[in-house]
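Right, one structure below, let's go through it.
Coordinate-derived values only; no laboratory data. Since the structure is predicted, the reported quantities are computational estimates derived from the model, not experimental observations. In this analysis, Cβ positions are derived from the backbone assuming ideal geometry, glycine residues included, and neighbour counts consider all displayed protein chains.
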Amino acid sequence: MRRFRTRRFSLIVIALLAVSLVSAGGASGAGRGAGTQRFYTTAGPLTERQVGDVLAHHHMFVELGAVPPVAYKTADREQVYSLLNPWLQDAKALGIGVFVETTPEGVGRRPDIVNYVADQAGLPTMLVTGIYREPFMPDWVFDASVDEIAAWMLEELRVGVGDTDVPAGMIKLSQNDTGMTLTERKVLEAGCIAARKTNAAILSHITSGPTALSVMDALEGFGCRLSKHRFIWVHSMFTAAAPGATLEGGRIGHDPGIDYLLAALRRGAYVSLDGVGSNYWGPTYGGYDVNIAWIEQFVAAGYEDQIIIGADTGWFDPGFPPGFKIIQLPDGSWVHDPADQPQYMQDYRSVPAEFVPAMRTAGFSEALIHKLMHSNPWHAYSR
Ligand SMILES: [Zn+2]
């Protein structure tokens, strides 16, 4: 972190100056709805026509679990590229035009490596700014003010993520399922400031219905009206599958989990069903049948424009042993060697190669499938 911190703190000062200048001149991203929105990617800002079908929630590089993460600092970009390139070529062959890499600060983010891999593979990739929940957030966040965190996000949204010159497409956060901590609330307020100045969407990893609704309340209180500023509830399938909210003593609340998603949709949020076909999330959250049933329910309720689908698959973990590799079998599936290494590592096929045909079999119209693969992520993520 030290290498990044020095640069970040000096940039915070510069960015704070920039914030005051821009505030005086009005919001910089006032073009939303005027045909000037862009998808910010490693290949530059793209128009809607250039975007095509989207892998709307996936990962290339994450160091998950370690607090604080350390191995990411010395990762080798050539190893990441050689490992992921077959899967990225596969995604392109399946018609994917943009990969959305949703890894925020706090879980071993290496935007420079993702940028390199995306360029080499020729697959435009959206990067995000933002900070993961406690205890994964870097130390500097605890001492920083709301304005300093907002300035850091604004620098990443306007200049480049980390040490890259690729502006972030949006703001990715997370709050604990116990309810927001004070620091998570501070980060959320900073996210709202950055969203208001850039029109960037806020997406957040939340696995509790009550937390999701309280995050939405807080955003409204900070001045990010949900009718104007987009909020995407990431991993909402965890709550969709829950019988109800987890109460004190491990008891379960009266309202079924799905009602929290419907309440969020009614207020204008997007719900992200982003474990589709994922071995990590498993059949309870990622099964094609359960996801089709949820989508049918949301469409019937009139919310087909507010559904995001993804698989949350990938990814290179810098904790892999030397020589770790993936191999494609004759039937097209992939295995990794050694086989007892992370079982969650998974290609990017499930949504485009399997879930799209499953939706057709279930009777979804081509217009609805196009919304889920292109229009909804475009409207949710462009700015
Ligand atoms: Zn994810």
Seminar exercise, completed: Candidate span helices, the chain: DSSP H, at least 30 Å along axis from Cα coords, Kyte-Doolittle average at least -0.5, result 2-25
Seminar exercise, completed: Computed ³J(HN,Hα) along segment 53-61: with the Karplus parameters 6.51/-1.76/1.60, θ = phi - 60°, integer Hz and x for glycine or proline, the list is 6, 10, 7, 7, 7, 8, 9, 10, 9
For this session: Please build a GNM for the chain, connecting alpha carbons under 10 Å apart, and tell me which residue among Thr207, Thr181, Thr164 fluctuates the most.
Result: Thr181
For this session: With r as the distance between the Cβ atoms of Asp76 and Ala362 and R0 = 51 Å, compute the FRET efficiency 1/(1 + (r/R0)^6) and round to 0.05.
Result: 0.75
For this session: Mind giving me the FRET efficiency for Ser333 and Thr178? R0 is 41 Å, r the Cβ-Cβ distance, nearest 0.05 is fine.
Result: 0.60
Problem set entry | Neighbour-limited loop hits for trypsin sites (Lys or Arg not before Pro), segment 89-169 (at most 15 other Cβ within 10 Å; DSSP other than H, G, I, E, B) | none
Exercise. Which residue, Ser333, Ser278, Ser145, has the most motion in a Gaussian network model of the chain that connects Cα atoms within less than 10 Å?
Worked result: Ser333
For this session: For segment 298-383, just run the numbers: alpha carbon Rg, then divide by 2.2 N^0.38 Å, N being how many residues it has.
Result: 1.42
Exercise. What nm distance separates the two modelled labels at Ala263 and Ala293, each placed 7 Å from Cα along Cα→Cβ?
Worked result: 2.2
Seminar exercise, completed: For the chain, whose charge dipole is built from +1 on Lys and Arg Cβ atoms and -1 on Asp and Glu Cβ atoms, the candidate among Pro45, Ser204, Asn279 with its Cα farthest towards the positive end is Pro45
Exercise. What's the FRET efficiency of Glu248 with Phe142 using the Cβ-Cβ distance as r and R₀ = 30 Å, to the nearest 0.05?
Worked result: 0.65
Exercise. So what is the orientation-averaged projected area of segment 190-274, using the convex hull of its C-alpha atoms, in nm²?
Worked result: 5.5
Problem set entry | segment 140-185, relative contact order in percent, only Cα pairs under 8 angstrom and at least six apart counted | 25
Exercise. Among Ala301, Leu64, Phe142, which residue has its Cα positioned farthest towards the positive end of the charge dipole of the chain, with +1 placed on the Cβ of Lys and Arg, -1 on the Cβ of Asp and Glu, and the dipole taken about the Cα centre?
Worked result: Phe142
Exercise. Which ordering of Glu366, Glu304 is given by a fewest-first count of other beta-carbon atoms within 10 Å?
Worked result: Glu366, Glu304
Seminar exercise, completed: Residues whose modelled amide H sits under 5 Å from the amide H of Thr125, counting only those 5 or more places away in sequence or on another chain, are Thr42, Ala43, Phe99
For this session: Over all alpha-carbon pairs of segment 99-185, lay out the pair-distance distribution in 10 Å bins, whole %, shortest bin first.
Result: 18, 49, 26, 7, 0
Problem set entry | Relative contact order computed over the chain (Cα-Cα under 8 Å; 6+ residues apart), in percent | 19
Exercise. Placing +1 at every Lys and Arg Cβ and -1 at every Asp and Glu Cβ, with all other atoms neutral, what dipole size does the chain have around its Cα centre, in debye to the nearest 20?
Worked result: 1080
Problem set entry | segment 68-115 - charge dipole about Cα centre, Lys and Arg +1 at Cβ, Asp and Glu -1, debye rounded to 20 | 40
Problem set entry | Radius of gyration and maximum dimension Dmax of segment 206-350, Cα, Å | 18.0, 55
For this session: Describe numerically, in nm with one decimal, the distance between label points set 7 Å from Cα along Cα→Cβ at Lys228 and at Asp255.
Result: 2.6
Exercise. Based on the alpha carbon coordinates of segment 67-144, what radius of gyration and maximum Cα-Cα distance (Dmax) apply, in Å?
Worked result: 14.3, 46
Exercise. Rounded to a whole number, what is D in µm²/s for the chain from Stokes-Einstein with the Kirkwood radius over alpha-carbon pairs (4 °C, 1.567 mPa s)?
Worked result: 62
